[in-house]
């Protein structure tokens, strides 16, 4: 099958950094993901498709999740495509005739339309007979409604836009039956599985993130490495010192605030994904933490998810920890509180190109194409997060400045900036 899309090396590097590496994906899985994206013409940088990887009893499970619109875009590239599905919602009081063997539907709206019964979709093809499907509304609504399934009865998109959601399900079904769309699955299709873990169809929070980090004393025993900064953990919890590597926040379809943190265990160098939900003050406080900051975390594992119970700022100058929770005031974050050692010293660079942008989750970033004056080498440096972008966005082409960076998984990240014209100050 001929490729529809071809990524540049820079785009591949960004896909690895933003989507595959945070999910603990391997290089082989990254290559597979890129191959699928290019073959079907789906761009993860635009939110067409999502990389997911989680652990199961039988080993890691990797899946690529697209959307209804992404699946429709793939169908437009297939031989025999003549147009999008003809779909609509059927309600009590409508006149509806469905003949699946002929791929035909007759549907007329009633004068008084009652509750939703389901939705249909018909897909035509240049060479094959049309395909028609009908999906039952009650079956999907009971499985996906936030009001019915959420612990706090929070309404989600299925409660607010039931007609749109059941019609999407019908369209996805008919697209898959009429065209060979490989192993692509949509958010609408897997939302039933998500409810088993209590997410109620929320794809902004991963279905099954990486399992909780091992208790650090167990890791130390297995790897013969001494564990540090560890308190006695309660059952299903881990307490220790972690280094913040990335932070993203958002709001779920149920209007519940959440955040995703990638942190590295200081004792074992293992990277884990941690979720924070409903704790608005904690999320707001974490949004002010600089990348590379050491934090004392209490992490609880529930149904395969890692949830943040509480966190503290590690004060290395006083060797004490200031407890942070929803009932404690947020400390003021200062630039000199960074406790992680960057891998590179402050060097002088010249800006050649500056490209700001945002991830599909709405997180700000910028790509800085720079040249090191000392060795005349060119490189690309990522400014990750709102704070880093704010500190660098004033730099223009030809600007000379001093910058401190760190290298992580082969990528260079911005840490600290000092403009060259301020060096004498």
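The values are calculated or read from the model by the stated rules, or taken from the named source; none is laboratory data. Just so it is clear, the structure is predicted and the values come from calculations on it, not from any experiment. Note that each Cβ is placed from the backbone with ideal geometry, even for glycine, and that neighbours are counted across all protein chains shown.
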Name the residues in region 120-140 that are touching a helix residue (DSSP H, G or I) at 6+ places or on another chain (Cβ under 6 Å) and farther than 30 Å from residue 82 by Cα, would you?
-> none
What strands (runs of 3 or more DSSP E), lying completely within region 70-129, carry at least 2 residues that are closer than 30 Å to residue 4 by Cα?
-> 86-91, 116-123
Filtering region 8-51 for residues that are surrounded by 15 or more Cβ atoms within 10 Å (Cβ to Cβ) and more than 20 Å from residue 67 (Cα to Cα) leaves a count of 11
Unmet criterion (only one of (1) at negative phi; (2) at pLDDT below 90) for residue 350 | (2)
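To keep it simple, each residue is scored yes or no on (1) in a helix (DSSP H, G or I); (2) within 24 Å of residue 270 (Cα to Cα).
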position	(1), (2)
4	no, no
7	no, no
11	yes, no
17	yes, yes
21	yes, yes
31	yes, yes
38	yes, no
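So which residues in region 379-395 are over 25 Å from the mean Cα position of the chain (by Cα) and surrounded by fewer than 16 Cβ atoms within 10 Å (Cβ to Cβ)?
Let us first name the residues in region 379-395 that are over 25 Å from the mean Cα position of the chain (by Cα), namely 379, 394-395.
Selection gives 379, 394.
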Please enumerate the residues belonging to region 40-59 that are more than 14 Å from residue 4 (Cβ to Cβ) and more than 18 Å from the chain's Cα centre (by Cα).
-> 56, 57, 58, 59
